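Step one of this worksheet: look at the structure below.
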Amino acid sequence: MAETIERQTNELRERETQDYRAALGAAHELALAYLAGLRDRPVSRRVDAAAIAAALAEPLPERGIAPDAAVREWFERAGPGIVASSGPRFFGFVNGGSVPGAIAGDWLAATIDQNRGLWLGSPAAAETELVVVRWLADLFGLPASWSGTLTSGATMANLVGFAAARQWAASRLGFDAARDGLSGQPQIPVIASTEIHASARKALGTLGLGRDAVRVVPAPGGIIDLDAFAQTLAGIDGPVIVSASAGEVNGGAFDPIDALADRCAAHPGGAWLQVDGAFGLFARLDPSYRHLLDGIERADSVASDAHKWLNVPYDCGFAFVNDEAWQRAAFESDAAYLRAGAGPAADLDHLVPEMSQRFRALAVWCALKSLGRAGYQEIVGRALANARAFAAWIEAQSDLELLAPATLNIVCFRYRPSGLDGPALDAANRQAVAAIQADGRAFVTGTTRDGKAAIRAAFDNWMTQEDDVRLLSEAVRDIGDRLQR
Ligand SMILES: *Cc1c(COP(=O)(O)O)cnc(C)c1O
């Protein structure tokens, strides 16, 4: 009997080992081949929505196949729909890639499958995260006393900051927002500029503060108008939440944090200053751009992204909050089965909306450990040099124009050939974006700037070199020449 069990167990073990080896081996092989081609492949391929949907359409399999076969089959079928957005010539949105240490850390995190929520569930994950957020505070020169938390991205980091702000404001108004809810309570006003990021509105909507309840102040050139801001602030008696942009997504402009902090400090009802620095916080790493964030240490909360300029895999962002008590009051979770026999230290689920969470800190730890401060200063410095070079090239072209000064790493421009104006010019620029994307040499995305159809190129990928910027310029030049004809 005992022998049979042992034999069965041995067979099971052997099969497990084989499955792990085959599945992880297949993923390893596919991953290395992918990475080897990443520098040279077209960024995107012409892919027909119906064709890619058809390639993947299939009812739930009744019976499984070997795990390595599953991995290979997915790669084969979905392959045409993979965008090289982690590669060096993807300048769309604000993406970033993944440095080698971060990819490896992410793989290992999936393998050891730790739950970061409770200290007891993984002392390794909890303590690693505490170290990583201290490193991040140091890297960006934020006060060491602030509470730091990893999130799924800047949207959630904005939500964490606003949730803490909501607790603070409600307490001044005599209630506990998380405990009592907002129903029947006085409104908590929020002020931001017209350039407030969609994710901040989304977070405000989720928190019951109102996506469209934001009191919007004009922002000529993307920068909040301080007089208009002061006027709006003066019209509010009680506590107020102020949402500032440190790196506006269309043109990369920065609100003056120090000046906003001055006005917030002088507001009789009190003001919570939340700063969205999803990519802009990285200006702290370059001596020539650092000043853009002057006063950041006077903020009450700061949101940023790791899956953008820190170049770690999706999904990863981080939030810093000046006073952890408000953050904890917003997200405290209690359940006897979780806390009984709890560990001596931090249960991180008290600080974020989720309970169970993946071990994001490992990828960040490996990234920071493998590159160090110097490595990140170099990545940021190179991206900024590339952005400057591309902006200068745009300015030198007679049929192209910048639509915003390249304050940081975003270059916002458009074609402006003679003889085209108004809606026809807008249409031509929209067509150009699609043509550049289809060309495959480089990927840019479109936007609207001061009512004009615009094109954006964002520089934050660690792999991007001068040659990649040259290819971007060539693609922009070629599509422009085609437009003229
Ligand atoms: C990208 C971005 C966000 C949203 O971040 P996610 O990581 O996509 O959730 C918020 N604010 C700004 C300025 C951004 O660039």
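Descriptive notes on the structure:
- Around the Cα centre of region 154-225, unit charges on the Cβ atoms of Lys, Arg, Asp and Glu (plus for the first two, minus for the last two) sum to a dipole of about 120 debye.
- Leading residue at positive end of dipole, the chain (Cβ point charges), from Ala55, Ala283, Gly480: Gly480
- Loop trypsin sites (Lys or Arg not before Pro), region 28-123 (other Cβ atoms within 10 Å of the site Cβ: 15 or fewer; DSSP): Arg39, Arg45, Arg46, Arg63
- Ordering Gly64, Gly97, Ser147 by Cα displacement along the dipole of region 1-157 toward the positive end leaves Gly97 in first place; charges were set at the Cβ atoms of Lys, Arg (+1) and Asp, Glu (-1).
- Estimated distance in nm for a label pair at Ser398 and Ala427, the labels positioned 7 Å out from Cα along Cα-to-Cβ: 2.6 nm
- When +1 charges are put on Lys and Arg Cβ atoms and -1 charges on Asp and Glu Cβ atoms, the dipole computed for region 251-334 relative to its Cα centre reaches about 240 debye.
- Separation of the Arg41 and Ser418 label points, Cα + 7 Å toward Cβ, nm: 4.4 nm
- Efficiency of FRET from Cβ geometry, Asn10 and Ala144, R₀ 56 Å, rounded to 0.05: 0.60
- Radius of gyration (Cα atoms) of region 206-280, expressed as a multiple of 2.2 N^0.38 Å: 1.08.
- If only the Cβ of Lys and Arg carry +1 and only the Cβ of Asp and Glu carry -1, the dipole of the chain around its Cα centre is close to 700 debye.
- Rounded D (µm²/s) - region 75-143, Kirkwood Rh over Cα pairs, Stokes-Einstein at 25 °C, 0.890 mPa s: 162 µm²/s
- Rounded to 5, the percent of DSSP beta bridges in the chain classed as antiparallel: 60 percent
- Taken over region 1-108, the ratio of Cα radius of gyration to 2.2 N^0.38 Å equals 1.45.
- Whole-number Å³ per residue for the convex hull built on Cα positions in region 193-336: 138 Å³
- Computed from backbone phi with θ = phi - 60° and the Karplus coefficients 6.51, -1.76 and 1.60, the 3J(HN,Hα) list for region 118-128 is 10, 4, 5, x, 6, x, 4, 5, 5, 5, 5 Hz; x is used for glycine and proline.
- Most positive-pole-ward Cα, Gly440, Ala234, Gln185, against dipole of the chain from beta carbon charges: Gly440
- Coupling constants for region 436-444 follow from the phi torsions by the Karplus curve (6.51 cos²θ - 1.76 cosθ + 1.60, θ = phi - 60°), and in residue order they are 5, 4, 5, 4, x, 5, 8, 10, 10 Hz; glycine and proline get x.
- Cα-based Rg and Dmax for region 93-234, where Dmax is the largest Cα-Cα distance (Å): 18.9, 54
- Spin-label model, Arg77/Leu338: points 7 Å from Cα along the beta carbon direction are separated by 3.7 nm.
- Listed values for region 53-60 are Karplus-derived 3J(HN,Hα) couplings in whole Hz (6.51 cos²θ - 1.76 cosθ + 1.60, θ = phi - 60°), namely 4, 5, 5, 9, 5, 5, x, 3, and x replaces Gly and Pro.
- Diffusion constant of region 310-382 at 10 °C, which comes from Stokes-Einstein with the Kirkwood Cα-pair radius and 1.306 mPa s, µm²/s: 107 µm²/s
- Take the Cβ atoms of Thr111 and Ser85, set R0 to 22 Å, and the FRET efficiency comes out at 0.35.
- Each residue of the chain gets 189 Å³ once the volume of the Cα convex hull is shared out per residue.
- If the segment from Asp450 to Arg263 were pulled out straight at 0.36 nm per residue, it would be longer than the present Cα-Cα gap by 64.6 nm.
None of the figures in this text is laboratory data; all of them are computed from the coordinates on show. Only a predicted model underlies this, so the values are computations on that prediction, with no experimental measurement involved. Positions of Cβ are backbone-derived with ideal geometry, glycine not excepted, and every protein chain shown enters the neighbour counts.
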